[in-house]
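What follows is calculated from the coordinates using simple rules that are stated; it is not laboratory data. Computed from a predicted structure; not experimentally measured. Note: ideal-geometry Cβ built from the backbone for every residue, glycine included; neighbour counts use all protein chains shown.
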Amino acid sequence: MDSSVPPRPSEPRPRRRDRHGRGMRGPVAPPQVPLSASRAESFRDLVHDSVERLERRWPQLAEVEFLVLDVPGPADESVPLGSSLAAGKGRPAQIVVYRRPVEIRTKNRDERALLVHEVVVEQVADLLGLSPESVDPRYGQD
C-alpha cells in the first residue's frame, strides 16, 4: 500500500527565521554605507575631520589627544561644548568635545559639522594661547 504522505520524523524540526521562503533577514544596509554608522561614530568622524583640517596648519596638534565624551561632568551654570587640558606629567594635552550638548544645539549634519569645528578651534586656541581667528582664519565666517 503506497501512501502519498511522508512519515513524520521522530524529532521536531528546529524553527527557522526563514518564513514563507523569503530567505534569512540581514542588515538593512551594508557596513560601508553611512546608515550603519551610529550617531556616536559619525560624531567622532566629524571631530576627526576637523582635527585633520587643523593639523595641516598646526603640526604640533599631532601630540594632542582629542577625545569625544557624551556629556560633561556636573556644571555650575552653563553646559560646556568642549574643554581643554594642558599636558601634565606623563600625559599629553587633551581636548574634549562633548557629543550630546553639540547634538542638542544642531538640527542636521551640516550644522553639527560647523559647530564641532568651531568647538575644536576654540579649544585649540585656548590650549595654544591664541585667538580662534589665528588658529583658523575662517573661524566664525560659516
query = Under the classification rounded if a/c is under 1.5, otherwise prolate if a/b is larger than b/c and oblate if not, where does the stretch 79-142 fall, given a ≥ b ≥ c as square roots of the Cα gyration tensor eigenvalues?
reply = oblate
key: Filtered trypsin sites (Lys or Arg not before Pro), the stretch 65-135: DSSP coil and at most 14 other beta carbons within 10 Å   = Lys89, Arg105, Lys107
inquiry  = What do you get for trypsin sites (Lys or Arg not before Pro) in the stretch 33-80 restricted to DSSP loop and a cutoff of at most 16 other Cβ within 10 Å of the site's Cβ?
reply    = Arg56, Arg57
query = What nm distance separates the two modelled labels at Thr106 and Leu69, each placed 7 Å from Cα along Cα→Cβ?
reply = 2.0
query = Arg53 to Ser78: FRET efficiency via 1/(1 + (r/R0)^6), r the Cβ-Cβ distance, R0 30 Å, to the nearest 0.05?
reply = 0.65
task = Would you work out the relative contact order for the stretch 78-142, in percent, from Cα pairs under 8 angstrom that are 6 or more residues apart?
result = 28
note = Between the modelled labels at Ser38 and Ala86 (7 Å from Cα along Cα→Cβ) the distance in nm is 3.5
task = Would you please name the GluC sites (Glu not before Pro) within the stretch 28-135 that are DSSP coil residues with at most 11 other C-beta atoms within 10 Å of their C-beta?
result = Glu77
